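The values are calculated or read from the model by the stated rules, or taken from the named source; none is laboratory data. Because the structure is a prediction, the values reported are computed rather than measured. Using ideal geometry, Cβ is built from the backbone for each residue, glycine included, and neighbour counts are taken over all protein chains shown. Surface accessibility is based on the protein's heavy atoms, side chains included, excluding ligands, DNA and RNA. Shrake-Rupley method; radii C 1.70, N 1.55, O 1.52, S 1.80 Å.
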Amino acid sequence: MRNFEFYNPVKVMFGTDQLKKLSANLTPFKKILLLYGGGSIKKNGIYKKVNEELSNFTVFEFGGIEANPRYETAMKAVELIKNENIEFILAVGGGSVIDAAKFIAAARFYENGDPWDILAKNKTVNKSLPIGCILTLPATGSEMNMGSVITRNSTNEKLSFLSPLSYPKFAILMPEFAASLPQRQVANGIVDSFVHVIEQYVTYPADAPLQDRFAESILKTLIEEGPKVYENPADYNAMSNLMWCSTMALNGTISTGVPSDWSVHMIGHELTALYEIDHARTLAIVLPGIWKALRNEKKEKLLQYAARVWNIYGGTDNEKIEKAIQKTVDFFESLGIDTQLNKYNINKESIKLIVERFENRGWKVFGDRQLVTLEIVKKALEYQL
């Protein structure tokens, strides 16, 4: 097992009737920015309930955060915060709204040029507004980590940053708030959570059996509970299990002492930035391709995944890996998610463009052991045409 430091300061309040704790967790702040997305919280009653709990605060609203939060939109919120001297950001929504809150909070105090440099040039975040969140869509785990992913329209780029100052102060997780989600969003959340675990698990052995078992338990729970939530998002018990799986998948617990990869995410971000494909769907496309391209390099963990997650024991090593890949694809497609690029009108020219973008940024090798070269990117995507 590798050396590690583990730090996660997020206070989680999970279950029914947690909203009544909101006011107490916002003290001593007075001016609050209520940040949300396309307005679904107004239709399902969450907006009204949240505002009732904010009656003792001065509340400013900023809606319209996109499914892939835009830099341009976020900077408008930064302007509002500066003009009104807002002290705290309350993000109500899924990972996109929470990611936007993290970037807005950091950009508020960024004075040395374009705040985009936090993402594009890995500039350090030295100060950030405090944020809290009320989760309405389980998927990204952003409610309990320090990461954020932002898209910039003007350059068609989707980039990420990490900062310990970006951890939410608290996260309210109420499965009932996700009961009215459309099937498409539920499916995206299941796959997003699944691949988050994979990126920290199917790497190479690190003699960390506890972390492996943690990861496998999340994967198996998603396989068991995911279809139930997909069929009925109002199934409180199933939604509870999905919501906690999504949070645990990316709160740092399963990444302690083990290598992580994230090449699937890096490639997937390009598909979203260029072609507006849902984030989770890009992961479902790229993951099987990466595994096919690196089946020998990831052989040990792929075989472990095949056995422990899918109960695949018979056949040659190559046959077991093939079965595990196909089982994963079948699981994704059972949730209505296509895993082939041609279903999204992506062709070889599109693949060439993605490879060129990596090359132009100087990202010529990445992944857990720097195994993902530009040729592997090309090969992985071509497998999925």
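Among the residues of the stretch 92-116, write down those that are small (Gly, Ala, Ser), in a loop (DSSP other than H, G, I, E, B) and open to solvent by less than 30 Å² (accessible area, probe 1.4 Å).
At the first step, the residues of the stretch 92-116 found to be small (Gly, Ala, Ser) are 93-96, 100-101, 105-107, 113.
Narrowing the set further to residues that are in a loop (DSSP other than H, G, I, E, B) leaves 94, 113.
If the condition is that a residue be small (Gly, Ala, Ser), in a loop (DSSP other than H, G, I, E, B) and open to solvent by less than 30 Å² (accessible area, probe 1.4 Å), then Gly94 is the only one that fits.
Name the residues in the stretch 178-190 that are over 15 Å from the mean Cα position of the chain (by Cα) and open to solvent by 10 Å² or more (accessible area, probe 1.4 Å), would you? Quick ask: steps written out before the conclusion?
So the first thing to find is which residues in the stretch 178-190 are over 15 Å from the mean Cα position of the chain (by Cα), and the list is 178-184.
Hits for the stretch 178-190 are Ala179, Ser180, Leu181, Pro182, Gln183, Arg184.
Scan the stretch 246-262 for residues that are among the hydroxyl-bearing types (Ser, Thr, Tyr) and under 14 Å from the mean Cα position of the chain (by Cα) and report the count. Talk me through it step by step, then tell me what you get.
Residues of the stretch 246-262 that are among the hydroxyl-bearing types (Ser, Thr, Tyr), as a first pass: 246-247, 253, 255-256, 260.
Now restrict to residues that are under 14 Å from the mean Cα position of the chain (by Cα): 246-247.
Total satisfying the criteria: 2.
Select from the stretch 255-299 the residues that are of a type in the set (Ser, Thr, Tyr), in a helix (DSSP H, G or I) and open to solvent by less than 40 Å² (accessible area, probe 1.4 Å) and list them in ascending order. Even if it seems obvious, please write down each step before you answer.
Of the residues in the stretch 255-299, the ones of a type in the set (Ser, Thr, Tyr) are 255-256, 260, 263, 272, 275, 282.
After this cut, where a residue has to be in a helix (DSSP H, G or I) as well, the list is 263, 272, 275, 282.
The answer is Ser263, Thr272, Thr282.
Among the residues of the stretch 135-172 satisfying the criterion of being part of a strand (DSSP E or B) and either under 21 Å from Asn237 (Cβ atoms) or in contact with a Pro (Cβ under 9 Å, 6 or more places away or on another chain) (or both), which is most open to solvent (accessible area, probe 1.4 Å)?
The first filter runs over the stretch 135-172 and keeps only residues part of a strand (DSSP E or B), leaving 135, 147-152, 157-162, 170-172.
Those still in the list that are either under 21 Å from Asn237 (Cβ atoms) or in contact with a Pro (Cβ under 9 Å, 6 or more places away or on another chain) (or both) too: 135, 148-151, 171-172.
Details: Leu135: 1, Ser148: 3, Val149: 33, Ile150: 0, Thr151: 9, Ala171: 1, Ile172: 0 Å².
Checking each candidate, the answer is Val149.
Go through (1) touching a Ser or Thr at 6+ places or on another chain (Cβ under 9 Å); (2) more than 19 Å from Leu385 (Cβ to Cβ) for Ala307 and report which single condition fails.
The failed condition is (1).
Surrounded by 14 or more Cβ atoms within 10 Å (Cβ to Cβ), touching a strand residue (DSSP E or B) at 6+ places or on another chain (Cβ under 6 Å), of a type in the set (Ser, Thr, Tyr) and within 18 Å of Gly94 (Cβ to Cβ): which single residue out of Tyr47, Tyr36 fits that description?
On the way: Tyr47 fails: touching a strand residue (DSSP E or B) at 6+ places or on another chain (Cβ under 6 Å).
Being surrounded by 14 or more Cβ atoms within 10 Å (Cβ to Cβ), touching a strand residue (DSSP E or B) at 6+ places or on another chain (Cβ under 6 Å), of a type in the set (Ser, Thr, Tyr) and within 18 Å of Gly94 (Cβ to Cβ) holds for just one of Tyr47, Tyr36, which is Tyr36.
Identify the single condition in (1) among the aliphatic types (A, V, I, L, M); (2) within 26 Å of Ile218 (Cα to Cα); (3) touching a Lys or Arg at 6+ places or on another chain (Cβ under 9 Å); (4) open to solvent by less than 40 Å² (accessible area, probe 1.4 Å) that Leu119 does not satisfy, given that it satisfies every other one.
(2)
Please tell me if Ala238 is open to solvent by less than 10 Å² (accessible area, probe 1.4 Å) and farther than 29 Å from Arg357 by Cβ. Outline the logic, then answer.
On the way: open to solvent by less than 10 Å² (accessible area, probe 1.4 Å): yes; farther than 29 Å from Arg357 by Cβ: yes.
For Ala238, the condition - open to solvent by less than 10 Å² (accessible area, probe 1.4 Å) and farther than 29 Å from Arg357 by Cβ - is met.
Please enumerate the residues belonging to the stretch 202-222 that are open to solvent by less than 60 Å² (accessible area, probe 1.4 Å) and either farther than 10 Å from Val258 by Cα or in contact with a Gly (Cβ under 9 Å, 6 or more places away or on another chain) (or both).
Val202, Thr203, Ala206, Ala208, Gln211, Ala215, Glu216, Ser217, Ile218, Leu219, Thr221, Leu222, listed by residue number.
Look at Leu129 and say whether it is more than 28 Å from Glu359 (Cα to Cα) and at pLDDT 95 or above.
Working: more than 28 Å from Glu359 (Cα to Cα): yes; at pLDDT 95 or above: yes.
In short, yes.
Just a yes or no: is a residue in the stretch 62-69 in contact with a Lys or Arg (Cβ under 7 Å, 6 or more places away or on another chain) and closer than 22 Å to Leu119 by Cα? Steps first, answer last, please.
Step one: list which residues in the stretch 62-69 are in contact with a Lys or Arg (Cβ under 7 Å, 6 or more places away or on another chain), which gives 68.
Now narrow it down to the ones that are closer than 22 Å to Leu119 by Cα: 68.
Yes, because at least one residue in the stretch 62-69 is in contact with a Lys or Arg (Cβ under 7 Å, 6 or more places away or on another chain) and closer than 22 Å to Leu119 by Cα.
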